[in-house]
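Participant: Attaching a single structure in structure tokens format; questions to follow.
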Amino acid sequence: MTYSIIGTGAIGGYYGGLLMKSGRKVRFLLHTDYEYVKENGLQIDSCDGDYHLDAVEAYKDTHDMPTSDVVIVSLKTTNNYLLPKMLAPIVDSGTTIVLIQNGIGVEEDLQKQFPHAHIVAGLAFICSAKVGPGRISHQCYGSINLGNYSCPDNTFHALLADFQAAGIAAAEVPYAEARWKKAVWNMPFNGMTVALNTSTDQLLGHPSTRQLIYAQMMEVIGAANALGVTGLNAAFADKMMEMTDAMVPYSPSMKLDYDHHRAMEIHYLYDRPIEIARSAGYKMPKLEMLAAELRFIEATYHHS
């Protein structure tokens, strides 16, 4: 299968790089460093071994790109308003779109815009950063869970096999369960590190905020259960708390966006899951309050 990477940053550059290294035909869409990569290629500094990719097929506009079998989208969801225009030239009726993005509802919204596309959710577990033009620094982890939203089984399994052949630890997971499981961690920690301008270890180190984080996790689990998603219960929340206790102090992606005064992914991390839960008759008051606080914080630095 042929691949197009939309958003050649920390995530797209990492997975696209491994696919290209394994012999797959990969096209990369670049923004600021298009000229640099066209001339110099991509450098991946990785805990699993550094490598360089020469003769990278680089593009700066999707109108110049041929259609591919698979389009991997690794843009922040704050840029999803650009997707209809960006993807239109490269998505036809048989294209598979892999959305490596945070949040709930991204696949549903994109399917409405591209009814004939096959959509797969990508949930990446990776520490990676873009550190310069055409340079990705991959510190640790790198596995990805793929949840099938609307893809024919044979196409989905061919995609999974390609990822695994490229040395990527890719696994098939039930779509809705995987999205909501990730939300159990993402919804409390992303917003709370911003609202209180702190890190994960500090939040868990204080009894009041520890209790609040746990209560927010249980709200997400309640929403998932109301929507008929199985596999999420209090034991899963306990596991997430233990996992975070064992982590090095960490700033989630939303905290990094806040620190750099960038738009935050409030819509898909909060508004959509809250709205979807409400449609099933379930309310998330603590997370609704957190979302309101995040909107206020974002507005203050947009207008300052």
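Participant: How much length is gained on full extension from residue 248 to residue 21, taking 0.36 nm per residue of separation minus their Cα-Cα distance?
Facilitator: The span from residue 248 to residue 21 would gain 78.6 nm if fully extended.
Participant: Rounded, prolate or oblate for the stretch 65-154? Axes are the square roots of the Cα gyration tensor eigenvalues, ordered a ≥ b ≥ c, and the cut-off for rounded is a/c under 1.5.
Facilitator: prolate
Participant: A further question on this structure: Select from 43, 101, 211 the residue whose mean-square fluctuation is largest in a Gaussian network model of the chain (Cα-Cα springs shorter than 10 Å).
Facilitator: Most flexible of the set in this elastic network: 211.
Participant: Here is a further query. Could you work out how far helix 207-226 tilts from the main Cα principal axis of the chain, as a 0 to 90 degree angle to the nearest 10?
Facilitator: On a 0 to 90 degree scale, this one is about 70.
Participant: Read phi for every residue in the stretch 57-63 and hand back ³J(HN,Hα) as whole Hz from Karplus 6.51 cos²θ - 1.76 cosθ + 1.60, θ = phi - 60°, with x for Gly and Pro.
Facilitator: Each residue's phi maps through the Karplus curve to give 7, 9, 9, 10, 8, 5, 5 Hz.
Participant: Tell me the carbon and sulfur percent of the accessible area for the stretch 191-260, rounded to whole percent, probe radius 1.4 Å.
Facilitator: Of all accessible area on the stretch 191-260, carbon and sulfur atoms account for 56 percent.
Participant: Kindly identify the stretch 41-108 as rounded, prolate or oblate by the Cα gyration tensor criterion: order the square roots of the eigenvalues as a ≥ b ≥ c, call it rounded if a/c is under 1.5, otherwise compare a/b with b/c, prolate if a/b is larger, else oblate.
Facilitator: Judged from the Cα gyration tensor, the stretch 41-108 comes out oblate (a/c at least 1.5, b/c at or above a/b).
Participant: Between residue 126 and residue 208, what is the spin-label point distance in nm, taking each point 7 Å from the Cα along the Cα→C-beta axis?
Facilitator: 3.9 nm
Participant: Can you give me the angle between helix 285-302 and the longest principal axis of the chain, using Cα atoms only, in degrees from 0 to 90, rounded to the nearest 10?
Facilitator: Value to nearest ten degrees: 60.
Participant: Taking the chain as the reference, fit the longest principal axis to its C-alpha atoms, fit the long axis of helix 12-21 to the helix C-alpha atoms, and give the angle between the two in degrees, 0 to 90, nearest 10.
Facilitator: In the chain, helix 12-21 runs at an angle near 40 degrees to the longest axis.
Participant: Taking θ as phi - 60°, what are the ³J(HN,Hα) couplings along the stretch 43-54 by the Karplus curve (6.51, -1.76, 1.60), each to the nearest whole Hz, with x for Gly and Pro?
Facilitator: Along the stretch 43-54, the couplings run 10, 10, 8, 10, 4, 9, x, 6, 7, 10, 10, 8 Hz.
Participant: Now for a separate question. Using the Karplus curve 6.51 cos²θ - 1.76 cosθ + 1.60 with θ = phi - 60°, work out ³J(HN,Hα) for each residue of the stretch 189-198 in order, rounded to whole Hz, and write x for Gly and Pro.
Facilitator: 6, 4, x, 5, 5, 7, 4, 9, 6, 8
Participant: Under the rule that an exposed site lies in a DSSP loop and has at most 16 other Cβ atoms within 10 Å, name the longest stretch of the chain with no chymotrypsin sites (Phe, Trp or Tyr not before Pro) of that kind, not counting the sites themselves.
Facilitator: Segment 1-249 is the longest.
Participant: Classify the stretch 188-284 as rounded, prolate or oblate, taking a ≥ b ≥ c as the square roots of the eigenvalues of its Cα gyration tensor: rounded when a/c is under 1.5, otherwise prolate if a/b is larger than b/c and oblate if not.
Facilitator: Note, shape of the stretch 188-284 comes out oblate.
Participant: Using a Förster distance of 41 angstrom, determine the FRET efficiency expected from the C-beta separation of residue 233 and residue 32, and round it to 0.05.
Facilitator: Efficiency for this residue pair is about 0.40.
Participant: Suppose R0 equals 25 Å. What FRET efficiency, 1/(1 + (r/R0)^6) with r the Cβ-Cβ distance, do residue 283 and residue 81 give to the nearest 0.05?
Facilitator: It comes to 0.35.
Participant: Where only protein heavy atoms count, and the probe is 1.4 Å, what is the accessible area per residue for the stretch 159-304 in Å²?
Facilitator: Each residue of the stretch 159-304 exposes 46 Å² on average to a 1.4 Å probe.
Participant: Scan around residue 173 for amide H atoms under 5 Å from its own, H built in the peptide plane at 1.01 Å from N, and keep only partners 5 or more places away or cross-chain.
Facilitator: 146, 147, 148
Participant: Run the numbers for residue 260 and residue 61: contour at 0.36 nm per residue of separation, minus the present Cα-Cα distance, in nm.
Facilitator: Answer, rounded to one decimal: 69.0 nm.
Participant: Using a Gaussian network for the chain with springs between C-alpha atoms less than 10 Å apart, which of these wobbles most: 13, 23, 49?
Facilitator: For the chain, modelled as a Gaussian network with Cα springs under 10 Å, the answer is 49.
The values are calculated or read from the model by the stated rules, or taken from the named source; none is laboratory data. Being a predicted model, the structure only gives us computed values, none of them experimental. With ideal geometry, Cβ positions are generated from the backbone for all residues, glycine too; neighbour counts draw on all protein chains shown. Heads up: the accessible areas ignore ligands, DNA and RNA and are worked out on the full protein's heavy atoms, side chains in. Shrake-Rupley method; radii C 1.70, N 1.55, O 1.52, S 1.80 Å.
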